[in-house]
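Have a look at the structure below, then the notes.
The values are calculated or read from the model by the stated rules, or taken from the named source; none is laboratory data. Since the structure is predicted, the reported quantities are computational estimates derived from the model, not experimental observations. Reconstructed Cβ throughout: ideal geometry from the backbone, glycine too, with neighbour counts over all protein chains shown. Note: accessible area is taken over every heavy atom of the protein model, side chains too, but ligands, DNA and RNA are not part of it. Shrake-Rupley method; radii C 1.70, N 1.55, O 1.52, S 1.80 Å.
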Amino acid sequence: MNKSLHQLLELEELTPETFVLHFERNDFQFKPGQYAVLRNPETAEGREYSIYSSEQDERLSFLIRKVEFGDFSRYLRHLTIGSELQIEGPRGCFVLDEDILSGHPTLLIATGTGISPFHSFVQSYPELNYRLLHGVHFPDEAYGRDTYNSDRYQLCTSRQEGTDYFGRVTYYLKENPVSEDTVCYLCGNSDMIEEVTDILEGYGVSAENIRSEVFF
Ligand SMILES: Cc1cc2nc3c(=O)[nH]c(=O)nc-3n(C[C@H](O)[C@H](O)[C@H](O)COP(=O)(O)OP(=O)(O)OC[C@H]3O[C@@H](n4cnc5c(N)ncnc54)[C@H](O)[C@@H]3O)c2cc1C
């Protein structure tokens, strides 16, 4: 496991609350879907963040939401370009199987910044046979939307009606059945993951074909 200092190259603001930190990669190796621990080198305080960038990217990037009253995400939001952070990892086993990489259909379901590992999947494996559901409150939270093929991507906005599906990902799934041989990857908050797991199991998807990464 790597544990090294990485310099911040860019802070890209996506919305007033959400941003992408782009670090120098150095020789950090990972599999798409894994996460790292970002740590303040002075205080040793740290948190886990899924890797947003692709396996081929020269930079190592993370998609982060500045959480209200959250100490660490606020600290990250105020980093200055050129400052160094300790990055530990890679960690986790939320990675794609060989059969998915060979074309088996996969359904990716995220809420909020839970789209981060899926961004890494899609950028790393352009041939992936995926369908992506992204649940957000407002349309401007469709982070990195241009990355995804529009035929494979479905935004679900729960607090503002627009041109996308209006409602939570759980409502969308109840209206749009999933075939039982689909392999499903779920990432985001635990309430969504529990509810979506119940819905998928109701469609006959086996527990072993439902993989999840819980952020909080
Ligand atoms: C494996 C793993 C991967 C993660 N990857 C990411 C990631 O890619 N991007 C990211 O922004 N966060 C991610 N997180 C969450 C992250 O580790 C922190 O918990 C988060 O940044 C809040 O830290 P904080 O110190 O600011 O607030 P804290 O005081 O630690 O948390 C305050 C509260 O904020 C809420 N919260 C935590 N994370 C989020 C979030 N992402 N969106 C909305 N509310 C949240 C929770 O209710 C939490 O109890 C991940 C967590 C895990 C376990």
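Residue 75 passes all but one of (1) of a type in the set (Ser, Thr, Tyr); (2) closer than 27 Å to residue 139 by Cα; (3) open to solvent by 80 Å² or more (accessible area, probe 1.4 Å); which number fails?
That leaves (3) as the condition not met.
Please go through the stretch 1-59 and pick out each residue that is surrounded by fewer than 14 Cβ atoms within 10 Å (Cβ to Cβ), outside any strand (DSSP E or B) and charged (D, E, K, R).
Within the stretch 1-59, 27, 42, 45, 58 qualify.
Residue-wise test of (1) surrounded by 14 or more Cβ atoms within 10 Å (Cβ to Cβ); (2) without any contact (Cβ under 8 Å) to a residue 12 or more places away in the chain; (3) not in a strand (DSSP E or B).
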site: 94; (1), (2), (3): yes, no, yes
site: 103; (1), (2), (3): no, no, yes
site: 127; (1), (2), (3): no, no, yes
site: 161; (1), (2), (3): no, yes, yes
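Could you give me the residue pairs with C-beta distances under 7 Å whose first residue belongs to the stretch 163-190 and is at positive phi, whose second residue is part of a helix (DSSP H, G or I) wherever it lies, and which are 6+ apart or on separate chains?
188/112; 188/114
Could we say that residue 85 is surrounded by 15 or more Cβ atoms within 10 Å (Cβ to Cβ), farther than 18 Å from residue 193 by Cα and over 14 Å from the mean Cα position of the chain (by Cα) here?
yes
Filter the stretch 62-87 down to the residues that are touching a residue at least 24 places away in the same chain (Cβ under 8 Å) and more than 10 Å from the ligand (Cβ to nearest atom) and list them by number.
Result: 79, 80, 81, 82, 83, 84, 85, 86, 87.
Listed here are the residues, each with its yes/no results for (1) crowded, with 22+ Cβ neighbours inside 10 Å; (2) at pLDDT 95 or above; (3) within 15 Å of the ligand (Cβ to nearest atom).
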site	(1), (2), (3)
111	yes, yes, yes
116	yes, yes, yes
121	yes, yes, yes
130	no, yes, no
138	no, yes, yes
